[in-house]
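The values are calculated or read from the model by the stated rules, or taken from the named source; none is laboratory data. Everything quoted here is computed from the prediction, not taken from an experiment. When we count neighbours, we look across all protein chains shown, and the Cβ atoms used for this are built from the backbone with ideal geometry, even at glycine. Each accessible area value is taken on the protein alone, full model and side chains, heavy atoms only, with ligands, DNA and RNA left out. Shrake-Rupley method; radii C 1.70, N 1.55, O 1.52, S 1.80 Å.
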Amino acid sequence: MTDPRVALNRTNWNERTGAHAASDFYDIEGFKAGRISLSALEREGVGDVQGKSLLHLQCHFGLDTLSWARLGAHATGADISDSAIELAREVNAEVGLNARFVRSDVYDLPDVLDDEFDIVYTAMGVLAWLPDLARWARIVARYLKPGGLFYLLEIHPASQVFDDERPVAESGDLRVRYGYFPDPAGTRFPGGQPSYAGDEPIASDCHEWTHSMGELITALLDAGLTITSFAEHPVTMYRQFPGMTEGADGLWRLPFAEPRLPLIFTLTATR
């Protein structure tokens, strides 16, 4: 039986799709014109994908999946949202790529997808939608070929304890607002608020979960994966706090004279 909290999020992401597709944040038209949506961190961390099979978990409407396909991967994207997968397939057909898209919750994916992959990839804002990291890690291991690469780029949980509505000054004045440690019950957030990708309010509620770094690493190790790299970075892909500035590289930074806080992390593992 589907977790009702996950079902709630499916409705929420179905609604988000239209708003996100129209946003400058995703810039679908730029992608159609040839843009690669992946950051330098991702491209360097994953490496050459030419001729390799790649599974993108929680792909939304697939611009990153399609970018890997544009770089030569045999790419498959999976996402919980019906409308996002429908849009991903439309963009795939329009730009003439050969990616495959599967509509499924991460936990139910083995019911509809049998393959194993050279690369399993997932990135940015994915873990908060997962009620059970241990089960998720077993799904990652299930789809990774022996010797294959798992790549994760994610918001650093240490940065998510601070007030994200309060402007950040050069003095480094950050105020703790949220908890760091795992909360199995999660939090239900009311609708009517805009998402990260635009000003249009999303009417439906959503449910999110807090996960610590220790919980993540333990889940991956318990699933039989070997962690091969871990790095923390003082930049991020969006305006996480008021007062941040965007660099020429498209990455956002806190207004400090020197790095003080990790905003994202990257991790690789193998089976």
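Residue pairs whose Cβ atoms lie under 6 Å apart, sitting 6 or more positions apart in sequence or on different chains, and linking a residue in the stretch 3-24 that is closer than 17 Å to LEU109 by Cα to a partner that is open to solvent by less than 50 Å² (accessible area, probe 1.4 Å) and among the aromatic types (Phe, Trp, Tyr), are ASN9/TRP129.
Within the stretch 223-250, the residues that satisfy the criterion of being closer than 16 Å to GLY45 by Cβ, open to solvent by 30 Å² or more (accessible area, probe 1.4 Å) and in a loop (DSSP other than H, G, I, E, B) are MET237, ASP249.
None of THR210, THR266 is of a type outside the set (Asp, Glu), modelled with pLDDT of 95 or more and outside any loop (DSSP other than H, G, I, E, B) except THR266.
Inclusion of THR218 among residues that are touching a helix residue (DSSP H, G or I) at 6+ places or on another chain (Cβ under 9 Å), within 21 Å of SER37 (Cα to Cα) and β-branched (Val, Ile, Thr) is not warranted. Picking from residues in the stretch 143-179 that are free of Cβ contacts under 8 Å to residues at least 60 places away in the same chain and within 19 Å of the chain's Cα centre (by Cα), the one that is most open to solvent (accessible area, probe 1.4 Å) is GLN160.
Residues in the stretch 169-210 that are over 17 Å from ARG10 (Cβ atoms) and touching a His at 6+ places or on another chain (Cβ under 8 Å): PRO182, THR187, ALA197, GLY198. Might you check whether a residue that is touching a Phe, Trp or Tyr at 6+ places or on another chain (Cβ under 9 Å) and farther than 28 Å from LYS145 by Cα occurs anywhere in the stretch 31-53? No, there is no match, as no residue in the stretch 31-53 is touching a Phe, Trp or Tyr at 6+ places or on another chain (Cβ under 9 Å) and farther than 28 Å from LYS145 by Cα. Restricting attention to the stretch 125-142 and to residues that are under 17 Å from HIS60 (Cα atoms) and open to solvent by 10 Å² or more (accessible area, probe 1.4 Å), the residue that is nearest to the chain's Cα centre (by Cα) turns out to be GLY125. Residues that are among the acidic types (Asp, Glu) and either assigned to a helix (DSSP H, G or I) or closer than 21 Å to TRP209 by Cα (or both) within the stretch 1-47 comprise ASP3, GLU15, GLU29, GLU42, GLU44, listed in sequence order. Scanning the stretch 9-35 for residues that are more than 16 Å from the chain's Cα centre (by Cα) and surrounded by fewer than 16 Cβ atoms within 10 Å (Cβ to Cβ) yields GLY18, ALA22, ASP24, ASP27, GLU29, GLY30, LYS32, ALA33, GLY34, ARG35.
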